[in-house]
Amino acid sequence: MTDDQIVVNKMEYDDFSWGTPWRNFEIICEGSSLYVNPGWLAEMSEFFKERCRTENNLVIEYVPYNELLEFFQCIFYCPMRKSLSSNNILIVYRLSKLFKMPTVTARCNIFLKNAVKNFDRNKLVQAARELGDDSNSHTMSLIVDRIANLSDYDLSTMEFSELPGDIVANVFNNHHMKKQKKNKKRGGICSIM
């Protein structure tokens, strides 16, 4: 190869469809097999700790295959770890909670803190629904504030029936307080003139 030749390899994320001496724990989901490293998974997850020690495989029926694959691609380095994105963050967050993986949940929270400002209305509702069980977290506060800052029209057309009541109450309380604060500022400016 000469110096002026450039070789570009497209990096593919692993599909976990084949085992190796280290990835010998089979997870069966929707009739397909995913092979993972049981030691690493057990160290990261209370959920998998017991199952990897006592079983050779595990059937997971309550998670769609494509979501489980996306989750594994985001937590394993095989050969590289897929980045968190707006498209996969809620899947990874939900499964990290389900499988009791606090380090992955923490990574998701860091991503969400930075990304929530760019979420559209629908993504905000999805995020609030996924994080609903953690209503006192800083990340949830950011999501509630972001929803509360939406216009009156956007709020009036949102599907709040999918959200826990305390989150809806927090959104409307924050929205009401912001409107009152804005009205007080307007009143103060008018009285000066």
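The values are calculated or read from the model by the stated rules, or taken from the named source; none is laboratory data. Everything numeric in this text was worked out from a predicted model, so none of it was measured. Every residue, glycine among them, receives a Cβ derived from its backbone with ideal geometry; neighbour counts consider all protein chains shown.
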- [ ] For A127, work out the one condition from (1) part of a helix (DSSP H, G or I); (2) among the aliphatic types (A, V, I, L, M); (3) under 19 Å from S45 (Cβ atoms) it doesn't fulfil.
- [x] (3)
Task: Tally of residues being in a helix (DSSP H, G or I), closer than 22 Å to Y77 by Cβ and free of Cβ contacts under 8 Å to residues at least 24 places away in the same chain across region 35-50 - done: 6
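Matching residues to (1) among the hydrophobic types (A, V, I, L, M, F, W, C); (2) modelled with pLDDT of 95 or more:
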{"position": "V92", "(1), (2)": "yes, yes"}
{"position": "A115", "(1), (2)": "yes, no"}
{"position": "A127", "(1), (2)": "yes, no"}
{"position": "S135", "(1), (2)": "no, no"}
{"position": "T139", "(1), (2)": "no, no"}
Open item on the list: Can you confirm whether R81 is assigned by TED's automatic domain parsing to the domain that holds N24 and surrounded by fewer than 18 Cβ atoms within 10 Å (Cβ to Cβ)?
Closed with: yes
TODO: Please verify whether region 132-155 includes one or more residues that are crowded, with 20+ Cβ neighbours inside 10 Å and not in a helix (DSSP H, G or I).
DONE: no
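Condition check: crowded, with 16+ Cβ neighbours inside 10 Å, without any contact (Cβ under 8 Å) to a residue 40 or more places away in the chain and not assigned by TED's automatic domain parsing to the domain that holds Y62. Does L95 satisfy that? Can you show your working first?
Working: crowded, with 16+ Cβ neighbours inside 10 Å: yes; without any contact (Cβ under 8 Å) to a residue 40 or more places away in the chain: yes; not assigned by TED's automatic domain parsing to the domain that holds Y62: no.
For L95, the condition - crowded, with 16+ Cβ neighbours inside 10 Å, without any contact (Cβ under 8 Å) to a residue 40 or more places away in the chain and not assigned by TED's automatic domain parsing to the domain that holds Y62 - is not met.
Looking only at region 138-183, filter to residues that are basic (K, R) and touching a residue at least 24 places away in the same chain (Cβ under 8 Å); which one of those is nearest to K113 (Cα to Cα)? Break it down stepwise before answering.
Applying the first criterion (basic (K, R)) to region 138-183 yields 146, 178-179, 181-182.
Keeping just the survivors that are touching a residue at least 24 places away in the same chain (Cβ under 8 Å) gives 146, 178.
Details: R146: 11, K178: 21 Å.
Ranking the qualifying residues of region 138-183, first place goes to R146.
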TODO: Considering each of I60, I75, I89 in turn, give the residue that is surrounded by 15 or more Cβ atoms within 10 Å (Cβ to Cβ) and either farther than 20 Å from D15 by Cβ or out of contact with any helix residue (DSSP H, G or I) (no Cβ under 7 Å at 6 or more places or on another chain) (or both).
DONE: I89
